[in-house]
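Worksheet: one structure, shown below.
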Amino acid sequence: MGTLTYNEKTFLLDGKLFTIISGAMHYFRIPREYWHDRLLKLKECGFNTVETYTPWNLHEEHEGQFNFDGMLDVAAYAAEAQKVGLYMILRPGPYICSEWEFGGLPAWLLAYDKMPIRCNCPEYLEKVKRYYHALFAQLRPHLSCNGGNIFMVQIENEYGSFGNDGDYLRAVDQIYRDEGVDVLTYTSDGPSAYLLSGGTLPDRLCVANFGSNPKGAFAELEQFRPNQPKMCGEYWVGWFDHWYEQHHVRDGKEVAGLFRDMLDCDASLNFYMFHGGTNFGFMNGANFDNNTYCPTVTSYDYCAPLTEAGDLTDTYFEIRKTIEERFGKLPPVTAKNSPKAAYGKVRLTESCSLLDAAPRMTDKIVGPVPLFQEDLGQNFGFTLYTATLHSMYDNQMLDYDAANDRVVVWLDGKRAGLIERDRRRDEIRVNSKIGQTVQFAALCENMGRINYGPQMMDRKGMTGIRFGQQKHFSWETYALEMTKEQLARVPYQPHNGGVSDATFLRGTLTVQGTPADTFIRLDGFHHGFVAVNGFNLGRYYNDAGPQKTLYCPAPMLHAGDNEIVVFETDGCADAVVTFTDTPELG
Ligand code: GLA
């Protein structure tokens, strides 16, 4: 499609002056059926480039087994973008941050206890090499050096915010070369000499990421690295949300104003995000702010120019107007907002308690000590730890080495309390006489691995469980990733009314004719996730807000009966969910 190079001032496309106007859209956060629509909307806004990360932890969910199917068919995404007339910036990481589980790194890396990540460690780099070998087997034909649209590839991601190992950055760049990536490679970092010095390579283009004060940021970049074009690698048009915090919004006029400032600096840029999409399933990441674990919500709306459901916003039209002002009239927008449906209330008429369901969903793992998910070979979801306590206990308190991240505890099948990492720790005590036994059960939810900063080695599950000072040995553990297959094994019984404890609930949404996009409200529920026809739409957390609805894209539904499964950890007043046509993100 064209070769991108640069001189000391500007980018050149096949030798001609070129301004990159790019927007970030992650194929893995968008139903595949909607890729074309979202790419067309980007093109019709006047952009010439789409940017995407690639998530290693989905492409190689299990070590050595690769997946590029369906929503993970990144080659098809590149091809679709090329058809629409867009260049592509590829950011394979291997670390991608992005509010994505463990910054895109596979959880199984954490099972290699002594292996450091994101540095020039041969064992780690071998794993990166194997992944990149599989990735570029898919993408090689789509590189601009082979006639494709991928004309720029990023090395690592904001590495200067994590480390200072230039040999590692060099090694990642070299793997690209070895895989035939003969296109412009570059690094991106925060706009300060400190961050740039840790994250850059002297002979590779470097760009800066920021969301305000373009003049100041570009001045820093220019001072650090004169004689190269200026580019904002991530122009943050909005921001992501955590549970327990406010929803972020930003005015479209402000976004367009800063865009103009960037163009005034003769800069290129990548809007982050142009369309955020959704952290479907359990793929949200988390931050560790002020010594507190802060998981990111399910929606990745980001207050981007296209909403989570792909709708055109004021910001979209403000940006488009700016592009027309600077680069000339654009053809009219033909892409439309998707139809939305308010299907109304659906009663969940079947149920099964978690404690009854778990042994049917997966084989138990028997061992002396409770293990982290990573050591159980589990990447995501919930782990149920059970044990029969035989000792004599005089009011001994439950204690542990780790409980990551949210734990419901039962004693003899009765709910005994809740533990929430850095936020809540109910006092749970065991009292039993000689000759008595107590059944202990703890359901530990991985709320998303930390994706940024020094706390990233974020192992999930419970370890070192003790009662008073005694460690308990002999555990039966159930790894509940809540896959489609596991959910299909839940033995439901007829149900009426609400529930008071961790329960699977099931009902049917009947759709007449072609399905439309819709949003699920779970009023009266507390916390859990929703699966539609086996597809996990993600977590809800009404107690923690700000997000109150889950996006259910039309492609996850079909005409006729659709299975709706809700797993609720704390109970609900009445087992009724509502399908509405309006999202509520807080
Ligand atoms: C950084 C990262 C991105 C993303 C943004 C915040 O710039 O590079 O992946 O995490 O912050 O949304």
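The values are calculated or read from the model by the stated rules, or taken from the named source; none is laboratory data. Every value quoted in this text rests on a predicted model; they were computed, and no experiment measured them. Cβ placement follows ideal geometry from the backbone for every residue including glycine, while neighbour counts extend to all protein chains displayed.
Quick one: would you say residue 167 is part of a loop (DSSP other than H, G, I, E, B), surrounded by fewer than 18 Cβ atoms within 10 Å (Cβ to Cβ) and more than 25 Å from the chain's Cα centre (by Cα)?
No: the conditions fail for residue 167.
Identify, please: which residue in the range 204-243 is away from the ligand (no atom under 12 Å from the Cβ) and in a strand (DSSP E or B) and is, among those, nearest to residue 21 (Cα to Cα)?
231
For the range 93-110, check the following and say yes or no: at least one residue is free of Cβ contacts under 8 Å to residues at least 24 places away in the same chain and out of contact with any Phe, Trp or Tyr (no Cβ under 6 Å at 6 or more places or on another chain).
Here is the first cut: in the range 93-110, the ones free of Cβ contacts under 8 Å to residues at least 24 places away in the same chain are 109.
Cutting the leftovers down to out of contact with any Phe, Trp or Tyr (no Cβ under 6 Å at 6 or more places or on another chain) gives us 109.
There is at least one residue in the range 93-110 that is free of Cβ contacts under 8 Å to residues at least 24 places away in the same chain and out of contact with any Phe, Trp or Tyr (no Cβ under 6 Å at 6 or more places or on another chain).
Only residues that are within 16 Å of the ligand (Cβ to nearest atom) and either outside any helix (DSSP H, G or I) or touching a Cys at 6+ places or on another chain (Cβ under 8 Å) (or both): list them for the range 94-116, please.
94, 95, 96, 97, 98, 99, 100, 103, 104, 105
So which residues in the range 240-287 are crowded, with 18+ Cβ neighbours inside 10 Å and aromatic (Phe, Trp, Tyr)?
240, 243, 259, 271, 272, 274, 280, 282
Among the numbered criteria (1) over 17 Å from residue 298 (Cα atoms); (2) out of contact with any strand residue (DSSP E or B) (no Cβ under 9 Å at 6 or more places or on another chain), which single criterion is violated by residue 554?
The failed condition is (2).
When only residues in the range 190-230 that are touching a Cys at 6+ places or on another chain (Cβ under 7 Å) and among the charged types (D, E, K, R) count, which is surrounded by the most Cβ atoms within 10 Å (Cβ to Cβ)?
Per the criteria, the residue is 230.
Quick one: which of 285, 281 is on the phi > 0 side of the Ramachandran plot, at pLDDT 95 or above and touching a strand residue (DSSP E or B) at 6+ places or on another chain (Cβ under 6 Å)?
281
Considering only residues that are touching a Cys at 6+ places or on another chain (Cβ under 7 Å) and more than 16 Å from the ligand (Cβ to nearest atom), which ones fall in the range 414-463?
Of everything in the range 414-463, those that are touching a Cys at 6+ places or on another chain (Cβ under 7 Å) and more than 16 Å from the ligand (Cβ to nearest atom) turn out to be 461, 462.
Report the residue count in the range 476-521 for those that are part of a strand (DSSP E or B) and not β-branched (Val, Ile, Thr). Quick ask: steps written out before the conclusion?
At the first step, the residues of the range 476-521 found to be part of a strand (DSSP E or B) are 476-480, 493-494, 499, 503-511, 517-521.
Now narrow it down to the ones that are not β-branched (Val, Ile, Thr): 476, 478-480, 493-494, 504-507, 509, 517, 519, 521.
So the answer is 14.
For the range 18-36, check the following and say yes or no: at least one residue is within 24 Å of residue 262 (Cβ to Cβ) and either polar (S, T, N, Q) or surrounded by fewer than 20 Cβ atoms within 10 Å (Cβ to Cβ) (or both).
Looking for residues that are within 24 Å of residue 262 (Cβ to Cβ) and either polar (S, T, N, Q) or surrounded by fewer than 20 Cβ atoms within 10 Å (Cβ to Cβ) (or both), one finds at least one in the range 18-36, hence yes.
Mind checking which residues of the range 188-203 are closer than 23 Å to residue 53 by Cβ and in a helix (DSSP H, G or I)?
195, 196, 198, 199
List the residue pairs whose Cβ atoms are under 7 Å apart, where the first residue sits in the range 8-37 and is at pLDDT below 95, the second is polar (S, T, N, Q), and the two are 6 or more positions apart or on different chains.
Within 7 Å, no pair qualifies.
Is it true that some residue in the range 121-130 is outside any helix (DSSP H, G or I) and of a type in the set (Phe, Trp, Tyr)?
No, the range 121-130 has no match at all.
Within the range 373-382, is there a residue that is of a type outside the set (Lys, Arg), within 18 Å of residue 570 (Cα to Cα) and surrounded by 14 or more Cβ atoms within 10 Å (Cβ to Cβ)?
Yes: one or more hits.
Could you tell me how many of the residues in the range 244-261 are within 16 Å of the ligand (Cβ to nearest atom) and either out of contact with any Asp or Glu (no Cβ under 9 Å at 6 or more places or on another chain) or in a helix (DSSP H, G or I) (or both)?
6
Which condition number does residue 283 fail, the rest of (1) away from the ligand (no atom under 15 Å from the Cβ); (2) over 24 Å from residue 48 (Cβ atoms); (3) touching a Pro at 6+ places or on another chain (Cβ under 9 Å) being met?
(1)
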